[in-house]
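Working notes, structure below.
The values are calculated or read from the model by the stated rules, or taken from the named source; none is laboratory data. Keep in mind that what you see is a predicted model, and the values were worked out from it rather than measured. Please note: Cβ atoms are built from the backbone with ideal geometry, for glycine as well, and neighbour counts cover all protein chains shown.
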Amino acid sequence: MGPIDLDHMNADEPPSPRSHTQSQQPNSIADDQSSIPAETLQARQQSSIPSASDAPPSQATNQVLFFGESNLLTCVISPGASETAAETQKRLRYSISDAINVRASELFAEHSLPTSSAKAHYLAQEGAFTLPSPQDCVAVLRAYFQWFHPCFPIVDRVEIANRYNKGEMSPLLLKAMLFIGASYCDEDTVRRMGFKDRPEAKSQLYNQTKILYDADWESNEVTILQVLFLISFWRAGPLNVKNTRYWLGAAISLAQARGFHRSQHSSPTNVKESKLRKRIWWSIYVRDRQSSASLGLPSRIRDEDCDIEMLSYADFEEDSDVIIPDFIGTHKSAHGIYAVQMARLAQLLGRVITNQFRPNGHHPDDDERFGLIHSLEEWKAMLPESMRSCETEGGSESIWAYLLHLAYNYLHILLDRHDYTQTQTNRNRSESGPALQAACRVTRIVEDMLSQNLIQFGQMHFD
């Protein structure tokens, strides 16, 4: 995308498009941000903000379309009935040639309304292109990678580091990451950014992200998918249509349309891209199950529609030769363990919701319930030793064990809640011990997190 020069932009001067030629790249940002003048770092990122109408044709290349088995195209182009399952799987994805892609982009541009100066002026006035000071921006991103990224690893840390160092980050993605990071950074950083409190910071950063999204300021579909997922953490009012489920539903639709839910075998994607796709999909899956359970609404993702491989620890391996800035943090084994085990637990959560909370007053299937309890205990038994117990020495790294066990006990409560709510005449509440025991364990974990000042960093999985 062609960058926009915002080095000297003010509220009364909208951004103007540059040519598609690559601008001179700045030097890398040092780990110690205090050694670089604030205005220099600010210009690096702001000078790379793209114009929605100024995307070069190369942005449209290397695209792949996904069509499920029921689509007639899979029959039309079939070379014969003797194909293997692997060949059939491969035909679910179709690479679009550069020539077709470029022409399609040109046709779209011909019939699209150009980005008017009034629109750019409006976005600038709304703060869509305004960033915190470099020091505060780094502090918020540091909080993002320390507390949120281990739970939902939807971005490539190395890629983010490279793009941020060069001032080439998507403004839409950067705003969305700042929106999330504002939930975890300290209060002093929030106030230095010009907000009176955390709710105001989150509200304004969400709105700035949203208006950039609505303006179609980004063409990369993976970036759009990442942004949709991030803004699904916006807590809208109870009557606000664009709430968690709205944005999460949009993310699910886009991910499924691009085949993120299907097996990565025989896929045209490279290994690095395949790992990212899996991490994005399983993050969406976990969030779908969590929001469905907490809100009492149907899951959007059906397991029978998916054959994507389960997340594995190998999906978190990174290029060890790349120097990553300090604020990006380091990947630790506990992060991968948490993400993988939470994905497995989310599968069980989906089965619990289906079995225990059926419409029309249908009673739960006891056989299935006992099977789920057995699966849940198997899940716990298979946890690595470091995560099998919450009796840790404390410290910030213990949060991942705490969060896994909170989720584990939450599933126990869901499984036994029906029994507990039965009247004394139908069921003796003394038989509902597992639910009460799980609730007691949850209370103890929360108390431990409070004593270690970790509660504010915990993912609100079931809100």
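Residue-wise test of (1) under 23 Å from ASN453 (Cβ atoms); (2) at pLDDT 90 or above; (3) not assigned by TED's automatic domain parsing to the domain that holds SER451.
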| residue | (1), (2), (3) |
| --- | --- |
| ASP315 | no, yes, yes |
| GLY336 | no, yes, yes |
| GLU391 | yes, no, no |
| SER398 | yes, no, no |
| LEU403 | yes, yes, no |
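Tell me which residues, restricted to the range 109-127, are surrounded by 11 or more Cβ atoms within 10 Å (Cβ to Cβ) and at pLDDT below 65.
Once the filter is applied, which keeps residues that are surrounded by 11 or more Cβ atoms within 10 Å (Cβ to Cβ) and at pLDDT below 65, the range 109-127 yields ALA109, SER112, PRO114, THR115.
Of the conditions (1) at pLDDT 95 or above; (2) part of a helix (DSSP H, G or I); (3) hydrophobic (A, V, I, L, M, F, W, C), VAL352 fails just one. Which one is it?
Of everything listed in (1) at pLDDT 95 or above; (2) part of a helix (DSSP H, G or I); (3) hydrophobic (A, V, I, L, M, F, W, C), VAL352 misses just condition (1).
Within the range 291-300, restricting attention to residues that are among the polar types (S, T, N, Q) and outside any loop (DSSP other than H, G, I, E, B), which residue is surrounded by the fewest Cβ atoms within 10 Å (Cβ to Cβ)?
That would be SER294.
Do we find a residue being within 29 Å of LYS332 (Cβ to Cβ), surrounded by fewer than 17 Cβ atoms within 10 Å (Cβ to Cβ), modelled with pLDDT of 95 or more and not aromatic (Phe, Trp, Tyr) anywhere in the range 169-176?
no
Among the residues of the range 184-218, which ones are among the small types (Gly, Ala, Ser) and surrounded by fewer than 19 Cβ atoms within 10 Å (Cβ to Cβ)?
Passing the criteria: GLY194, SER203, ALA215.
Report the residue count in the range 301-349 for those that are of a type in the set (S, T, N, Q) and either in a helix (DSSP H, G or I) or on the phi > 0 side of the Ramachandran plot (or both).
Adding up the residues that qualify gives 3.
Per-residue answers, yes or no, for (1) at pLDDT below 95; (2) closer than 19 Å to LEU228 by Cα:
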| site | (1), (2) |
| --- | --- |
| ARG279 | no, yes |
| TRP282 | no, yes |
| LEU295 | yes, no |
| GLU318 | yes, no |
| ASP326 | yes, no |
| ARG344 | no, no |
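Would it be correct to say that PHE229 is under 16 Å from the mean Cα position of the chain (by Cα) and part of a loop (DSSP other than H, G, I, E, B)?
No.
Of the residues in the range 219-245, how many are within 25 Å of PRO298 (Cβ to Cβ) and either buried (at least 17 other Cβ atoms within 10 Å of the Cβ) or modelled with pLDDT of 95 or more (or both)?
Adding up the residues that qualify gives 14.
GLY259 is checked against (1) on the phi < 0 side of the Ramachandran plot; (2) buried (at least 21 other Cβ atoms within 10 Å of the Cβ) and fails just one. What number does that condition carry?
Among (1) on the phi < 0 side of the Ramachandran plot; (2) buried (at least 21 other Cβ atoms within 10 Å of the Cβ), GLY259 violates only (1).
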